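Asks: Quick one: structure below, then a few questions.
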Amino acid sequence: MMNEVKYMRRAISLAGKGAGWVNPNPMVGAVLVRDGVIIGEGFHEYYGGNHAEVNAMKGLSRDDTAGATLYVTLEPCSHEGKTPPCANLIAEMGISRVVVGMVDPNPLVSGRGISFLRSKGIMVDVGCLEPEVRQLNEIFIKYITTGEPFVVLKTAMTLDGKIATVTNASRWITGEASRKKVHFLRQALGAVMVGVDTVKSDDPLLNIRLKGQWKNPLKVVADTRCRISTDAKLLTNDPQLTIIAATELADIGKVKQIERMGAQVVICPLKNNKVDLAFLLHSLGAMCIDSVMIEGGSTLAFSALKHGLVDKVVSFIAPKILGGAKAPTAVGGKGISTMEEAINIKNMRIKKVGNDLMVEGWI
């Protein structure tokens with residue numbers, strides 16, 4: 001049992017290397033063991049690429065793998081997709097046992113891969129470290145079962161909850177380690193979203209500034225009246241990666257101008273005189289955007305929380321105090337009237353990132 005956990009934990013670690021590269025597919029890792037020795041391992045490296053099981057068996061013959069045990073985070077597929085079904089390959093290679101982290105929630109697969117393997121006389125055990133595997137693929141699980149993106153609300157604040165000073169100075173609230181962590185989060189998610197006031201005040205790039213090769217996310221701006229400046233960095237640097245979510249209140253001439261710059265404008269219905277965020281998220285899901293991180297501002301954050309659109313909260317708290325009754329806070333809007341209506345966070349985790357605290361929890 002101890003070794004099984006060790007091998008599955010290794011498979012989970014491998015799977016995590018695909019974060020951001022495999023979306024909207026799941027992250028999957030595989031470890032092949034024979035006579036107590038790892039003889040192969042692999043992970044799903046990029047969308048459309050070989051599955052983890054195939055990579056784990058690369059360069060091995062049936063003589064090598066006969067009688068081996070395969071540890072894989074997710075149920076092997078049994079249907080023809082962008083790549084051939086892995087369950088067939090497992091049977092062909094003479095693997096005698098498969099330990100699966102969790103059943104694939106994809107309706108095209110769910111249970112079929114396991115049934116196929118068992119029909120070939122292969123022993124299959126399911127559920128090894130399942131809670132960890134489910135958290136690994138929380139984005140995929142929501143998206144494949146609902147068609148809606150997994151939504152993360154990211155905030156960065158001082159110890160007294162401020163995101164800027166009374167003069168609106170905000171660079172930098174958190175330290176370098178926290179800002180680096182945010183770039184890793186951007187890599188793992190399909191899109192980042194901000195309100196137009198954040199764009200007007202900060203003029204962010206919302207890209208990834210890390211060493212090495214990274215995949216920049218889609219940038220989404222909630223902009224009811226299309227007030228974004230055509231000089232904004234999002235439009236002058238990465239227009240092809242930018243979506244402006246506007247409404248019928250937007251000036252059609254401004255919409256056409258933005259579209260000519262290479263950005264996409266999505267016209268959403270009005271809800272409380274603002275962009276209908278539920279409609280916007282559903283539209284992003286239809287575009288195969290499986291996940292969104294809301295990064296600012298405070299009105300957008302409250303609206304997403306109020307309408308039950310947020311799945312997870314990641315908050316960076318810096319050991320600083322700014323004060324000021326009018327200094328902006330991470331979540332604004334009209335606020336909540338009673339404690340009974342408060343939005344509760346569950347399964348909260350806290351860890352230190354540089355000098356800051358990172359608080360992570362689920363709604």
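The values are calculated or read from the model by the stated rules, or taken from the named source; none is laboratory data. These numbers were taken from a predicted model, which means no experiment stands behind them. Neighbour counts run over all protein chains shown; Cβ positions are idealised from the backbone, glycine included. The area values use the complete protein model at the heavy-atom level, side chains included, leaving out ligands, DNA and RNA. Shrake-Rupley method; radii C 1.70, N 1.55, O 1.52, S 1.80 Å.
One line per residue, one yes/no per condition, for (1) open to solvent by 20 Å² or more (accessible area, probe 1.4 Å); (2) out of contact with any strand residue (DSSP E or B) (no Cβ under 8 Å at 6 or more places or on another chain):
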| position | (1), (2) |
| --- | --- |
| Gly101 | no, no |
| Gly113 | no, yes |
| Leu117 | no, no |
| Lys120 | yes, yes |
| Glu130 | yes, no |
| Arg134 | yes, no |
| Asn137 | no, no |
| Lys142 | yes, no |
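Asks: Looking for whichever is part of a loop (DSSP other than H, G, I, E, B) and closer than 22 Å to Lys180 by Cα here; the options are Lys320, Lys352, Lys326, Lys334. Which one fits? Quick ask: steps written out before the conclusion?
Replies: On the way: Lys352 fails: part of a loop (DSSP other than H, G, I, E, B); Lys326 fails: closer than 22 Å to Lys180 by Cα; Lys334 fails: closer than 22 Å to Lys180 by Cα.
Unique residue meeting the criteria: Lys320.
Asks: How do the pairs read when you match residues in the range 180-192 that are touching a residue at least 24 places away in the same chain (Cβ under 8 Å) and within 13 Å of Trp21 (Cβ to Cβ) with residues anywhere that are open to solvent by 20 Å² or more (accessible area, probe 1.4 Å) and among the polar types (S, T, N, Q), using Cβ under 6 Å and keeping only pairs 6 or more apart or on different chains?
Replies: Matching pairs, first to second residue: Gly190/Asn23.
Asks: If you scan the range 267-282, which residues turn out to be out of contact with any Leu (no Cβ under 7 Å at 6 or more places or on another chain), under 17 Å from Val151 (Cβ atoms) and open to solvent by less than 60 Å² (accessible area, probe 1.4 Å)?
Replies: If the condition is that a residue be out of contact with any Leu (no Cβ under 7 Å at 6 or more places or on another chain), under 17 Å from Val151 (Cβ atoms) and open to solvent by less than 60 Å² (accessible area, probe 1.4 Å), then Val275, Leu280 are the ones that fit.
Asks: Under 6 Å between Cβ atoms, at least 6 apart or on separate chains: pull out the pairs that start in the range 21-50 with a residue that is in contact (Cβ under 8 Å) with a residue 40 or more places away in the chain and outside any loop (DSSP other than H, G, I, E, B) and end on any residue that is surrounded by 19 or more Cβ atoms within 10 Å (Cβ to Cβ) and among the acidic types (Asp, Glu).
Replies: Hits for this filter: Ala30/Glu53; Val31/Glu41.
Asks: Return the residues of the range 344-357 that are more than 14 Å from Leu159 (Cβ to Cβ) and in contact (Cβ under 8 Å) with a residue 12 or more places away in the chain; say none if nothing qualifies.
Replies: Those that are more than 14 Å from Leu159 (Cβ to Cβ) and in contact (Cβ under 8 Å) with a residue 12 or more places away in the chain: Asn344, Ile345, Lys346, Asn347, Met348, Arg349, Val353, Gly354.
Asks: Something else: So which pairs qualify, if the first residue must be in the range 239-263 and open to solvent by less than 40 Å² (accessible area, probe 1.4 Å), the second must be among the acidic types (Asp, Glu), the Cβ gap must be under 6 Å, and the two must be at least 6 apart or on different chains?
Replies: Ile244/Asp223; Ala246/Asp223
Listed here are the residues, each with its yes/no results for (1) among the aromatic types (Phe, Trp, Tyr); (2) farther than 30 Å from His183 by Cβ; (3) crowded, with 20+ Cβ neighbours inside 10 Å; (4) under 22 Å from the mean Cα position of the chain (by Cα).
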{"residue": "Glu4", "(1), (2), (3), (4)": "no, yes, no, no"}
{"residue": "Val22", "(1), (2), (3), (4)": "no, no, yes, yes"}
{"residue": "Ala30", "(1), (2), (3), (4)": "no, no, yes, yes"}
{"residue": "Arg34", "(1), (2), (3), (4)": "no, yes, no, no"}
{"residue": "Ile39", "(1), (2), (3), (4)": "no, yes, no, no"}
{"residue": "Gly42", "(1), (2), (3), (4)": "no, no, yes, yes"}
{"residue": "Tyr47", "(1), (2), (3), (4)": "yes, no, no, yes"}
{"residue": "Ile90", "(1), (2), (3), (4)": "no, yes, yes, no"}
{"residue": "Val98", "(1), (2), (3), (4)": "no, yes, yes, no"}
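Asks: Then there's this: Taking the range 280-291 as the region of interest, how many residues are touching a strand residue (DSSP E or B) at 6+ places or on another chain (Cβ under 8 Å) and either among the acidic types (Asp, Glu) or in a helix (DSSP H, G or I) (or both)?
Replies: Number satisfying all stated conditions: 5.
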